[in-house]
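A short write-up of the structure that comes next.
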Amino acid sequence: MDWIAIVSGFGIGAIIGMTGVGGGSLMTPLLIGVFRLAPAVAIGTDLWFAAVTKSGGAWAHQRQGHVDHRITALLLAGSLPAAMATIALMHATGVTKAWAGALTVALGIALLLTALTVAYRSAWHAVGLRLERWLGGPRQAPLTAAAGALLGVLVSLSSIGAGAVGATLILLLYPRLPAQRLVGIDIAHAVPLTLVAGIGHATLGHIEWPLLIALLAGSLPGIWLGARLTRSLPERVVRLLLCGSLVTAGLKVIA
């Protein structure tokens, strides 16, 4: 199973390197379907996987000046309290069968949302420009914090959403952001959010540590290779394959 985990981590890492998204979206269904982890343990393990794999990207974007600290802070002002409140509620009630069912449904919905955001990435920019009059100005800051709160709950319940869904929400609220800054903000926000949610799941005993280490060992060279492959593979082909995988996984989890 160690070799399977390393190869799986390599494959997920390559997808992250090629597309910038899809790591958590594919990792959690993989942990449930292949490694037979309970949904809660799969979610907790994936949160730590995301926090570690995205840390390098966040540091690189920070050094290149791609991170808008004001927008990132507004997102975190909503997402971190929401994540901690969600984990606290799980602690208070215990992870009952009802919670297990809620986690599974949240995971399936998050997968389908991610597929939708990836498939129509360019269309969201046009929508954001049309809504700029209503979403901009004094409403922009509280709406950004509210978007962060939504992501905090979604990520804590499913481990999914900090990447593609987060980027789409930022794009809707800030449609004139350059692409590099959009990606930089998204990754810089995802790292502390997944880390806080991951720590919360760790306190609930939802981490499979040996498996996590093996997955990370495979993912780092996979990310490096995936970043190089982006020059030779058409983005539309990669996005189509990714969306198909996300929809299939989402429907299977919900069913």
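The values are calculated or read from the model by the stated rules, or taken from the named source; none is laboratory data. On a predicted model such as this, the values are computed, not experimentally measured, just so you know. Every residue, glycine among them, receives a Cβ derived from its backbone with ideal geometry; neighbour counts consider all protein chains shown. Accessible surface is based on the protein model in full, side chains and every heavy atom, while ligands, DNA and RNA are left aside. Shrake-Rupley method; radii C 1.70, N 1.55, O 1.52, S 1.80 Å.
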(request) Report which label in (1) 130; (2) 117; (3) 106 holds the value of volume of the Cα convex hull per residue in Å³ derived from the coordinates of this structure. (result) (2)
(request) Sort the range 39-86 into rounded, prolate or oblate with this rule: let a ≥ b ≥ c be the square roots of the eigenvalues of the Cα gyration tensor; rounded if a/c is under 1.5, and if a/c is not under 1.5, prolate when a/b is larger than b/c, oblate otherwise. (result) oblate
(message) So with the 1.4 Å probe, I'd like the accessible area per residue for the chain, rounded to whole Å².
(response) 47
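How much of the accessible area of the range 38-127, probe 1.4 Å, is carbon plus sulfur, in whole percent?
Taking all protein chains in place, the range 38-127 shows 72 percent carbon and sulfur surface.
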(request) Taking the Cα centre of the chain as origin, sum charge times position over the Cβ atoms of Lys and Arg (+1) and Asp and Glu (-1), and report the length of that vector in debye to the nearest 20. (result) 600
(message) Spelling out what I want: for every residue of the range 192-207, take phi, set θ = phi - 60°, compute 6.51 cos²θ - 1.76 cosθ + 1.60 (Karplus), and round to whole Hz; glycine and proline get x.
(response) x, 5, 5, 5, 5, 5, x, 4, x, 5, 5, 5, 8, x, 9, 10
(message) For a quick check of your reading of the filter: which trypsin sites (Lys or Arg not before Pro) in the range 29-117 sit in a DSSP loop and have no more than 14 other Cβ atoms within 10 Å?
(response) Arg36
